[in-house]
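Trainee: Quick one: structure below, then a few questions.
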Amino acid sequence: QVQLVESGGGLVQAGDSLTLSCTTAGRTFSTYAWFRQAPGEGRDFVAAIIGSRGSTIYASSVKGRFTISGDNAKNTVFLQMNSLKPEDTALYFCAVSTLPVFRTVATYYDYWGQGTQVTVSS
């Protein structure tokens, strides 16, 4: 049973920062990603990292504000979110894939966390 544990969500004001973390208990995957889902919306890609290369990609809506990084020794990935906006409000999910390939579509990922809520007030 693969378990992804996310943490770091919360309620902040516009312009503030938050850091999300996701730990895959004892198992390393090739690709780690963050998606988010606002109420009534689909699950949108935010960022991904291929651990072995350190390569990253971002959605255009967060590029320059969010940074994804990983700690391979701890099987943990982080999402540093700066200059948060009300439109960043969503439930944020961590996802992992066994393949070292960038995918922005949720269906390509093998395992998912339960999500952590981020709410940005104006």
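The values are calculated or read from the model by the stated rules, or taken from the named source; none is laboratory data. Just so it is clear, the model here is predicted, and its values are computed rather than measured. Methodologically, a virtual Cβ is constructed for each residue, glycine included, from the backbone with ideal geometry; neighbour enumeration extends over all protein chains shown. Accessible surface is based on the protein model in full, side chains and every heavy atom, while ligands, DNA and RNA are left aside. Shrake-Rupley method; radii C 1.70, N 1.55, O 1.52, S 1.80 Å.
Trainee: Dipole size in debye (nearest 20) for the chain around its Cα centre, Lys and Arg Cβ +1, Asp and Glu Cβ -1? Walk me through the intermediate numbers first.
Mentor: Details: 9 positive and 8 negative charges, 57 e Å.
Dipole magnitude for the chain comes out near 280 debye.
Trainee: Using the Cα atoms of the chain, I'd like the radius of gyration and the largest Cα-Cα distance, Dmax, both in angstrom.
Mentor: Answer for the chain, Rg first and Dmax second: 13.2, 40 Å.
Trainee: Tell me, in nm to one decimal, what length is gained between LYS74 and SER60 on full extension, where the rule is 0.36 nm per residue of separation less the Cα-Cα distance? Could you put the intermediate results ahead of the total?
Mentor: On the way: separation 14, 0.36 × 14 = 5.04 nm, distance 2.85 nm.
Difference between extended and current length: 2.2 nm.
Trainee: Sticking with this one: Of all the Cα-Cα pairs you can form in region 35-79, what percent are over 14 Å apart? Before the final figure, lay out the partial values.
Mentor: On the way: 523 of 990 pairs.
Looking at region 35-79, the distances longer than 14 Å represent 53 percent of pairs.
Trainee: Can you find, among TYR58, VAL2, THR98, the residue farthest towards the positive end of the dipole of the chain? Put +1 on the C-beta of Lys and Arg, -1 on that of Asp and Glu.
Mentor: The Cα lying farthest towards the positive end belongs to THR98.
Trainee: Give the accessible surface of the chain per residue, rounded to a whole number of Å², with probe radius 1.4 Å and ligands, DNA and RNA excluded. Write down the numbers at each step before the final one.
Mentor: Values: 6220 Å² over 122 residues.
With the other protein chains kept in place, the chain gives 51 Å² per residue.
Trainee: Here is a further query. Compute the length gained on full extension between ALA38 and VAL2: take 0.36 nm times their separation in residues and subtract their Cα-Cα distance, giving the result in nm to one decimal.
Mentor: Working: separation 36, 0.36 × 36 = 12.96 nm, distance 2.52 nm.
Here the segment from ALA38 to VAL2 would lengthen by 10.4 nm.
Trainee: Of all the accessible heavy-atom surface of the chain, with the other protein chains kept in place and a 1.4 Å probe, what percent is carbon and sulfur?
Mentor: Working: 2910 of 6220 Å².
Roughly 47 percent of what the probe reaches on the chain is carbon or sulfur.
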